[in-house]
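A quick write-up on the structure given underneath.
Derivation of every value follows stated rules applied to the coordinates shown; laboratory data play no part. Computed from a prediction, not measured in an experiment: that's the story for all the values here. Heads up, the Cβs are rebuilt from the backbone with ideal geometry, glycines too, and the neighbour counts pull from every protein chain shown.
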Amino acid sequence: MRLTTTRLGCAHSVFFCAKCNQPLLDATLARLAMELFRREGADAWYTHSAGELASAGTRCPKCDGAELRKETDILDVWFDSGSSHYAVLGRRPDVPWPSDIYLEGGDQYRGWFHSSLLVAMITHRAAPYRTVLTHGWVLDAPGPRDVQVTGNVVEPQEVIKTHGAEILRLW
Ligand SMILES: [Zn+2]
């Protein structure tokens, strides 16, 4: 079976025709990439040429060109997190698919909740969670949310030590 994909959304090709830019992806090419990653890790994609990575005799279905170039775009990070349910849920009897709950910040409606829903609708035709629970953020005095990246974070443990966990929850 030969699949060709567009570069839209999360559909990624493994190779492109160097001559006409036709995306190429089929089960053999995908399997070769999977085996390479398993053997050498994902960086192997950058240390081998397209000719070394593709199966011998791979030709462009559009122009019959034999020279390929590798896909070098990174896979969208949201696809990684959005497919985590597939790796975690349903693998053990005590961790069924779907999850009872996904818990994250409100920004994940456009992030993890959304990407998980997209992936699960494709793979399972259902959401990977029964419900989502979102939390807000503590804001610092000028207004931006309190996050480690910007260094304005107040460690919850410090608040709990002096004021208790209930005060932190109320805050
Ligand atoms: Zn071509």
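Collect residues whose amide H, placed 1.01 Å from N in the peptide plane, falls under 5 Å from the amide H of residue 97; neighbours closer than 5 in sequence don't count.
Placed amide hydrogens put 90 under 5 Å from residue 97.
Consider just the alpha-carbon atoms of the stretch 99-171 and return their Rg together with their Dmax, both in angstrom.
16.1, 48
How many angstrom lie between the Cα centre of the stretch 16-56 and the Cα centre of the stretch 93-171?
37
Highest GNM mean-square fluctuation, the chain, Cα pairs closer than 10 Å: which of 42, 54, 30?
Residue with maximal mean-square fluctuation among 42, 54, 30: 42.
I'd like the GluC sites (Glu not before Pro) in the stretch 23-98 restricted to DSSP loop residues with at most 15 other Cβ atoms within 10 Å, sorted by number.
67
Grab the DSSP H runs of the chain that are 4 residues or longer, score each as -39,500 (n - 2.57), total them, divide by all residues and round the 222 nm result to the nearest 500 deg cm²/dmol.
Taking each H run of at least 4 residues, the total per residue is -9000 deg cm²/dmol.
Return a whole-number percent for the relative contact order of the chain, with Cα pairs under 8 Å and 6 or more residues apart as the contact set.
15
Of 143, 105, 41, which is the most mobile in a GNM of the chain whose springs link Cα atoms less than 10 angstrom apart?
143
Quick check: from the Cα gyration tensor, does the stretch 10-70 come out rounded (a/c under 1.5), prolate or oblate?
prolate
For 76, 94, what's the fewest-to-most ordering of other Cβ within 10 Å of each Cβ?
The fewest-first ordering by Cβ neighbours comes to 94, 76.
Under a straight-distance cross-link criterion of Cα-Cα below 17 Å, which aspartates and glutamates are reachable from residue 62, leaving out those fewer than 8 residues away in the same chain?
26
By its C-alpha gyration tensor, with a ≥ b ≥ c as the square roots of the eigenvalues, how is the stretch 76-136 shaped: rounded for a/c under 1.5, else prolate for a/b larger than b/c, else oblate?
Oblate shape, in that a/c is at least 1.5 and b/c is the bigger or equal ratio.
Positive end of the charge dipole of the stretch 76-136 (Lys, Arg +1 and Asp, Glu -1 on Cβ, about the Cα centre): tell me which of 115, 98, 133 has its Cα farthest that way.
Selected residue: 98.
How would the chain be classified by its alpha-carbon gyration tensor: rounded, prolate or oblate, with rounded meaning a/c under 1.5 and the a/b versus b/c comparison settling the rest?
Prolate, because a/c is 1.5 or more and a/b exceeds b/c.
Compute a Gaussian network model of the chain, connecting alpha carbons closer than 10 Å, and tell me which residue from 49, 116, 99 fluctuates the most.
49
Size of the dipole of the chain about the Cα centre, Lys and Arg at +1 and Asp and Glu at -1 on the beta carbon, nothing else charged, in debye to 20?
720
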